[in-house]
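Encoded as structure tokens, the structure appears first; notes follow it.
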Amino acid sequence: MNHIVPDWDEELTPHDDPLVREAVAHADTAEESLRRILCIPKPLVYRVRHSRQRGAVWLDREAGILWLLAAETREEDSNDDAYEHFQYLYEAGRLLPTEDDYLRDRAEAIVRFNQQAPADVENALGDARRHAGEDQEAVIGGTLPARVCVVDDGDLEELWVMVSCRDTHGDYVDRKLAQVVMVYFEEQVGPGAWEVVDEWRDGRKVPYHYVAKYGLSDRRGYA
């Protein structure tokens with residue numbers, strides 16, 4: 001049977017399916033709040049349910065993902081029962097995520113990041129301009145911490161931007177992702193001169209896991 005795979009930028013939201021909503025609701029407490037599916041000895045797979053629908057979920061601790069592995073209708077004492085289906089998939093080696101699933105997750109994360117980052121950058125600049133001369137903290141794309149400071153100097157505007165190469169969980173990301181965020185900042189500001197710096201505006205050394213830039217922009221270039 002052919003399966004239709006959604007495009008990369010099609011968001012699979014928790015509102016699409018009640019079992020997805022159930023899985024999301026238990027994402028942080030799965031091991032404490034959900035019951036194991038006993039016909040699957042290893043790894044620990046749990047059940048979620050809605051009406052007669054049953055789902056099998058697995059907490060992948062290494063990847064930090066709660067996977068909804070399969071879903072089926074509860075038909076007790078039937079070969080078509082949900083738990084018979086889950087056991088069949090397990091024994092056939094088809095229950096757990098594949099490399100394609102992990103690739104899909106990474107690709108969707110990048111799409112979500114690039115969809116959200118420009119708006120976060122715009123908001124961060126807005127906050128920095130409203131509090132000129134003060135460092136403002138922000139999170140870009142829902143995952144990368146950043147620090148922004150705008151200094152008003154008449155017709156010119158000084159901009160200081162630091163973007164972390166560690167996400168909000170403390171995990172390192174590709175340095176190129178922080179550099180992409182810098183491009184979003186430069187696009188938002190418009191024409192100007194930018195340079196990479198290793199010291200912040202007050203002389204503090206930029207932490208090694210940050211990318212930092214100083215920009216000088218003509219204030220007349222934006223409304």
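The values are calculated or read from the model by the stated rules, or taken from the named source; none is laboratory data. Nothing here was measured: the structure is a model prediction, and the numbers come from that model. Don't worry about glycine lacking a Cβ; one is built from the backbone with ideal geometry, like all the others, and counts go over all protein chains shown.
With the condition being touching a residue at least 40 places away in the same chain (Cβ under 8 Å), I'd like the strands (runs of 3 or more DSSP E) fully within the range 108-213 carrying at least 1 qualifying residues.
Passing ranges, in order: 136-140, 144-153, 156-164.
Being out of contact with any strand residue (DSSP E or B) (no Cβ under 7 Å at 6 or more places or on another chain), part of a helix (DSSP H, G or I) and either surrounded by fewer than 16 Cβ atoms within 10 Å (Cβ to Cβ) or not assigned by TED's automatic domain parsing to the domain that holds V173 (or both): is that true of R104 here? Before you say what the answer is, go through the steps one by one.
On the way: out of contact with any strand residue (DSSP E or B) (no Cβ under 7 Å at 6 or more places or on another chain): yes; part of a helix (DSSP H, G or I): yes; either surrounded by fewer than 16 Cβ atoms within 10 Å (Cβ to Cβ) or not assigned by TED's automatic domain parsing to the domain that holds V173 (or both): yes.
Yes: the conditions hold for R104.
The conditions are (1) over 21 Å from V183 (Cα atoms); (2) surrounded by 15 or more Cβ atoms within 10 Å (Cβ to Cβ); (3) small (G, A, S); (4) assigned by TED's automatic domain parsing to the domain that holds D167, and A132 fails exactly one of them. Which is it?
Among (1) over 21 Å from V183 (Cα atoms); (2) surrounded by 15 or more Cβ atoms within 10 Å (Cβ to Cβ); (3) small (G, A, S); (4) assigned by TED's automatic domain parsing to the domain that holds D167, A132 violates only (2).
Just to be sure I understand the filter: pairs with C-beta atoms under 9 Å, separated by 6 or more residues or on different chains, first member in the range 76-89 and in the same structural domain as R49 (by TED's automatic domain parsing), second member of a type in the set (K, R) and assigned to a loop (DSSP other than H, G, I, E, B). Which pairs pass?
D81/R74; A82/R52; A82/R74; Y83/R74; Y88/R94
For the range 173-217, what are the residues that are surrounded by 17 or more Cβ atoms within 10 Å (Cβ to Cβ), within 15 Å of A117 (Cα to Cα) and among the charged types (D, E, K, R)?
E186
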